1. Give the number of residues within the range 176-213 that are outside any loop (DSSP other than H, G, I, E, B), within 17 Å of Lys3 (Cα to Cα) and within 18 Å of the chain's Cα centre (by Cα).
2. Could you grab me the full set of residues in the range 11-51 that are part of a loop (DSSP other than H, G, I, E, B) and under 24 Å from Glu208 (Cα atoms)?
3. Just the residues that are surrounded by 15 or more Cβ atoms within 10 Å (Cβ to Cβ), more than 14 Å from Gly5 (Cα to Cα) and out of contact with any Lys or Arg (no Cβ under 7 Å at 6 or more places or on another chain), please, taken from the range 25-42.
4. Quick check on my filter: what residues within the range 93-123 are touching a residue at least 12 places away in the same chain (Cβ under 8 Å) and in a helix (DSSP H, G or I)?
5. When the range 144-171 is examined, which residues are found to be crowded, with 18+ Cβ neighbours inside 10 Å, within 15 Å of the chain's Cα centre (by Cα), in a helix (DSSP H, G or I) and not β-branched (Val, Ile, Thr)?
6. Look at Leu69 and say whether it is buried (at least 18 other Cβ atoms within 10 Å of the Cβ), farther than 27 Å from Arg131 by Cα and not aromatic (Phe, Trp, Tyr).
7. Determine, yes or no, whether Asp186 is modelled with pLDDT under 95 and in contact with a Ser or Thr (Cβ under 9 Å, 6 or more places away or on another chain).
Amino acid sequence: MLKVGLTGGIASGKSVVGEMFVALGVHLVQADQIAHELMQPRQAVYEEVVRRFGTGILNSDGSVNRPALAEAAFGRAAGGGSPRVAELNRIVHPAVIRRQDKWMEEVGGRDHHAIAMVEAALILEAGAARRFDRLIVVTCREEQRVQRFAERLKIDAEAARQEVRRRMAAQWPDEEKIKAADHVIDNSGSLDATQWQVRDVWAQLRKEAERAS
């Protein structure tokens with residue numbers, strides 16, 4: 001089995017690229033989905049996040065309001081202090097990484113030739129790159145990030161630009177991610193151009209997975 005990390009900055013198109021790999025037979029799990037599951041009421045991560053960030057991040061039914069949590073983490077802390085995203089990451093990341101490792105073990109147990117891919121924005125920032133055999137970085141231009149983010153959240157371009165820059169400040173710049181990557185997929189062009197790159201990388205990964213098994 002080959003363990004592959006799929007990462008990139010906010011709104012770079014990681015999920016689109018991930019779907020392309022899945023269509024080719026790659027097994028994929030999203031760190032965001034794992035984090036969402038761990039943020040459900042009565043989960044240990046949920047309890048700790050609420051204890052640290054307060055009940056103001058909750059909806060009326062007790063579920064986590066993700067925009068409110070993002071504002072609490074990426075915005076200015078009470079008293080004008082620094083954003084608290086690192087504090088949130090220290091709570092969430094270890095549990096997410098443990099769940100990812102367990103998932104990859106299960107995939108490998110079912111298929112020794114498998115490519116097990118984890119899609120996560122902060123693989124490098126969390127110091128988790130060493131857990132993978134190969135690392136893929138997805139990139140795009142800033143204007144594309146802004147447009148995609150605006151469409152995703154249904155907000156205007158200027159609000160999206162401010163939010164993208166605020167969140168990118170908590171991530172490694174693309175230049176540093178690229179240096180750490182085994183493969184880079186430029187998602188700045190057409191979907192066909194991205195698909196061509198994905199197929200090329202997949203062919204290389206498949207050969208490596210067969211050799212590894």
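1. Let us first name the residues in the range 176-213 that are outside any loop (DSSP other than H, G, I, E, B), namely 176-180, 183-186, 191-212.
With the extra rule that they be within 17 Å of Lys3 (Cα to Cα), the set shrinks to 180, 183-184, 198, 201-212.
Then drop every residue that is not within 18 Å of the chain's Cα centre (by Cα), which leaves 180, 183-184, 198.
The number of residues fulfilling the criteria is 4.
2. Let us first name the residues in the range 11-51 that are part of a loop (DSSP other than H, G, I, E, B), namely 11-13, 24-26, 39-43.
Across the range 11-51, the qualifying residues are Leu24, Gly25, Val26.
3. Ala35, Leu38, Met39
4. Going through the range 93-123, the residues touching a residue at least 12 places away in the same chain (Cβ under 8 Å) turn out to be 93, 95-97, 99-101, 103-104, 107-108, 111-123.
Selection gives His93, Ala95, Val96, Ile97, Arg99, Gln100, Asp101, Trp103, Met104, Val107, Gly108.
5. Arg145, Phe149, Arg167
6. Values: buried (at least 18 other Cβ atoms within 10 Å of the Cβ): yes; farther than 27 Å from Arg131 by Cα: yes; not aromatic (Phe, Trp, Tyr): yes.
So Leu69 passes the test.
7. Details: modelled with pLDDT under 95: no; in contact with a Ser or Thr (Cβ under 9 Å, 6 or more places away or on another chain): yes.
The answer is no for Asp186.
The values are calculated or read from the model by the stated rules, or taken from the named source; none is laboratory data. Everything quoted here is computed from the prediction, not taken from an experiment. Positions of Cβ are generated from backbone atoms using ideal geometry, with glycine treated the same way; all protein chains shown enter the neighbour counts.
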